1. If you check 103, 135, which single one turns out to be without any contact (Cβ under 8 Å) to a residue 40 or more places away in the chain and of a type in the set (A, V, I, L, M, F, W, C)?
2. Given the conditions (1) out of contact with any Pro (no Cβ under 9 Å at 6 or more places or on another chain); (2) of a type in the set (Phe, Trp, Tyr); (3) modelled with pLDDT under 90, which single one is not true for residue 126?
3. Give all pairs with beta carbons closer than 9 Å in which a residue from the range 13-39 that is closer than 12 Å to residue 117 by Cβ and aromatic (Phe, Trp, Tyr) meets a residue that is modelled with pLDDT of 90 or more and not in a loop (DSSP other than H, G, I, E, B); count only pairs at least 6 apart in sequence or on separate chains.
4. Given the conditions (1) surrounded by 13 or more Cβ atoms within 10 Å (Cβ to Cβ); (2) assigned to a strand (DSSP E or B), report the number of the one that residue 83 does not fulfil.
5. Kindly indicate whether any position in the range 142-151 is out of contact with any Leu (no Cβ under 8 Å at 6 or more places or on another chain), of a type in the set (Asp, Glu), modelled with pLDDT under 90 and not in a loop (DSSP other than H, G, I, E, B).
6. Going by the structure shown, is residue 109 out of contact with any Ser or Thr (no Cβ under 9 Å at 6 or more places or on another chain) and not basic (Lys, Arg)?
7. For the range 143-156, enumerate the residues that are touching a helix residue (DSSP H, G or I) at 6+ places or on another chain (Cβ under 9 Å) and surrounded by 15 or more Cβ atoms within 10 Å (Cβ to Cβ).
Amino acid sequence: MDPLPPHVKPRAHHYMYAHVILRDSAFLSKDGLPTYGAMGLVGLALKGKLRAHVIDEWTQVGTQLPPDEERIPPTGIEAEFLQLAGHDAALVTLPPPERASEAHYVVIAHHGARPEMRYFTLERSFPTESGEPTAVVAEWLGPDKGRVNYGALTAPDREAFMTRLSELLESGPPPQGQKKRKRFGLF
């Protein structure tokens, strides 16, 4: 892929789905406890039904975009259940990202023994000076609680992402009180 100029914004369809729609679905709760949110999405993954759910939501997002926005077909969307560091988790693979801040993967992790839900992304970042792709591991703390950037991976590699998430999940709950970083005027 060609290096991206720093002023290129992510495509609204891609960004809105990973960083707003799916995230907010994962954080749904009743009385502070996860309901359909994380447990429901992870449960759909366990039953093999999350992929169809994600494709349906992805398509709905596209139909709600203004006419001048680029709609992205659900090509490449996958979803699976997995275990990570004692957490039940759903791994969602999104259509290939083309711009910074678009996600390669989303992982929704739920620890069955406590009402802890975590939402991670592996996002495309700006390439190195030599043009090599890079990716950023991030975690949303909630719809209105901001996002933590855990730093770059040298490539958008699924196995490296899973290893990093296992380390983060084993280290305990995410840091609280993080300020949402200014994202160069993005959304």
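1. Values: 103 fails: without any contact (Cβ under 8 Å) to a residue 40 or more places away in the chain.
Exactly one residue qualifies, and that residue is 135.
2. All conditions are met except number (1).
3. 27/119; 27/140
4. (1)
5. Let us first name the residues in the range 142-151 that are out of contact with any Leu (no Cβ under 8 Å at 6 or more places or on another chain), namely 142-146, 149, 151.
Among the residues that remain, those that are also of a type in the set (Asp, Glu) are: 144.
Right, trim to modelled with pLDDT under 90 and you get 144.
The next check asks that each one be not in a loop (DSSP other than H, G, I, E, B); those that pass are none.
The answer is no; no qualifying residue exists.
6. Values: out of contact with any Ser or Thr (no Cβ under 9 Å at 6 or more places or on another chain): yes; not basic (Lys, Arg): yes.
Yes, satisfied.
7. Residues satisfying the conditions are 147, 150, 153.
Table: residues versus (1) modelled with pLDDT of 95 or more; (2) more than 23 Å from residue 82 (Cα to Cα); (3) in a strand (DSSP E or B); (4) among the acidic types (Asp, Glu).
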{"site": "100", "(1), (2), (3), (4)": "no, yes, no, no"}
{"site": "104", "(1), (2), (3), (4)": "yes, no, yes, no"}
{"site": "113", "(1), (2), (3), (4)": "no, no, no, no"}
{"site": "121", "(1), (2), (3), (4)": "yes, no, yes, no"}
{"site": "155", "(1), (2), (3), (4)": "no, no, no, no"}
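The values are calculated or read from the model by the stated rules, or taken from the named source; none is laboratory data. All of these numbers come straight from a predicted model, not from anything done at the bench. Glycine gets a Cβ as well: all are built from the backbone with ideal geometry, and neighbour counts include every protein chain shown.
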